Amino acid sequence: MAYSYRAVLREPQAGRVFGAALLGRLSYAMGPLSLVLFVQSATRSFAVAGAASAATALTSGLLAPLRGRLVDRHGQSRTLPALSLVYAAAFAGVLLVAGRSTVREGSTVLLAAVAGATAPPLAASMRVLWVSLVGSGPRLQAALALDSVVEQVLLTVGPLLAGGLAAALSSAVPLAAVAALAVAGTIAFTTSAVSRAWTSPGAEVRAGGWAGALSGRGIRTLVISLTGFGAALGIFDITLIAAAREAGSTALGGVLLGLLAAGSVVGGLWYGRRQWRLAADQRFVRLLGLLVLASALLPLARPLPLLGIAVVLVGLLLAPLDSSAYVLAAELAPAGTMTEAATWITTANNVTAAAGIALAGVLVGGPGVAWTLALACACLLVAFLIAVTGRARLRGGRPLTHWEPTQARRG
């Protein structure tokens, strides 16, 4: 039978742990805009602000699997608080040095890079903890769908909160809040009994040697497939704004992005409540195929209201695909690499999304909006073809039926 979101949050400790994780993850949602607003205000340079933001995003994305590996090997309660303190200290350093010295620009960018490199992987840690809290099957599907939906809400609320604090108080306040939220959320998360007791299943084996999670052929296939998905998301971010400008109102670009996010929330909530007979690998492949078909409408959808409808159709599939990818990562992760496997999903999405943003920024001014949206569809088609050709490897995971929630609550 289907498992409700209320039932997810009523599991012992689930509400408290999830709330703490969200508090810390709000820091990451606020972080990019908070950093740009403060550094630009302090240095009077958008170039320095952009460099600091890029440094944080780059080190955070590229080093996320390494941080995930540390969590798998040493546990959440030993690793996450230390990372959060360094992360907060780095942003505190940005607050102190930006605008105060002759070497402020280099120091600011360096400190921003340190912050990104040490960002605690709270999202990945929460996602693997759901396995301990609710077990497997429909319960895990509902929990991960809820997680993906709430994360989408945070990514919408975070920048609004950062901008509001900067406007009402000063540009330093939201960046200080970013540091404080990360520490507070991480400490609240790791002091819970379930986090303290958690160990990565099979951690004593440390499978894969230096390759870690990527020693699994299924994980490699999943990550490579998701690079196309991430690139498409990045292309959408820029191209939908450009489409609105082309139609005569740049402001409506925000509406289109809002429709994409709203569709994702609705699709994720619907997906998580249903009980699916298909295995996670089959759902992942079919959702990618549906996303290719939906995105194929975007280059053809004119005028703007029709484009808005097509955007909603695409959005409906985003959170379901995201949650199915995390279920699949948990099943495919080699022994002792569960957190690292989850961070590879984030890295695949975020790093290629940044590349998609950069590419779209060039293409919308050249070939134009329709061709750039067609490129996004092509990226999704490549992702789908990789998943289809690698179906045997994606089926190679072990179902999580052996890992029941009672195991995480001993003692």
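The values are calculated or read from the model by the stated rules, or taken from the named source; none is laboratory data. All figures in this text were calculated on a predicted structure; none of them were measured in a lab. Note that each Cβ is placed from the backbone with ideal geometry, even for glycine, and that neighbours are counted across all protein chains shown. When the accessible area is computed, the model is the full protein with side chains, heavy atoms only, and any ligands, DNA or RNA have been set aside. Shrake-Rupley method; radii C 1.70, N 1.55, O 1.52, S 1.80 Å.
The sum of -39500 (n - 2.57) across all DSSP H runs of n ≥ 4, divided by the residue count of the chain, sets its helix-only mean residue ellipticity at 222 nm to -26500 deg cm²/dmol.
Average accessible surface for the chain: 41 Å² per residue, computed with a 1.4 Å probe over protein heavy atoms with every protein chain in place. Helices that extend 20 Å or more along their long axis by alpha-carbon positions and average at least -0.5 on the Kyte-Doolittle scale are, among the DSSP H runs of the chain, 14-43, 46-74, 76-97, 138-168, 172-190, 217-246, 252-273, 280-295, 304-332, 338-363, 369-389. Once you charge only the Cβ atoms, +1 for Lys and Arg and -1 for Asp and Glu, what is the size of the charge dipole of the chain about its Cα centre, to the nearest 20 debye? Rounded to the nearest 20 debye, it is 780 debye. If you take the alpha carbon atoms of the chain and fit the smallest convex hull around them, that volume is 133 Å³ per residue.
Across 284, 384, the residue with the most accessible area heads the list, and the full order at a 1.4 Å probe is 384, 284.
Listed peptides 64-71, 270-277, 189-196 appear in the order 64-71, 189-196, 270-277 once ranked by packing, highest mean of other Cβ atoms within 10 Å at the front. Projecting the Cα atoms of 351, 256, 278 onto the dipole axis of the chain, where Lys and Arg carry +1 and Asp and Glu carry -1 at the beta carbon, places 278 farthest toward the positive end. The accessible surface of the chain, taken with every protein chain in place and a 1.4 Å probe, is 68 percent carbon and sulfur.
Relative contact order of the chain, taken over Cα pairs closer than 8 Å and 6 or more residues apart, is 27 percent. Starting from the Cα gyration tensor of region 43-96, take the square roots of the eigenvalues, sort them a ≥ b ≥ c, and report rounded, prolate or oblate (rounded when a/c is under 1.5, otherwise prolate if a/b is larger than b/c, else oblate). Oblate, because a/c is 1.5 or more while a/b does not exceed b/c.
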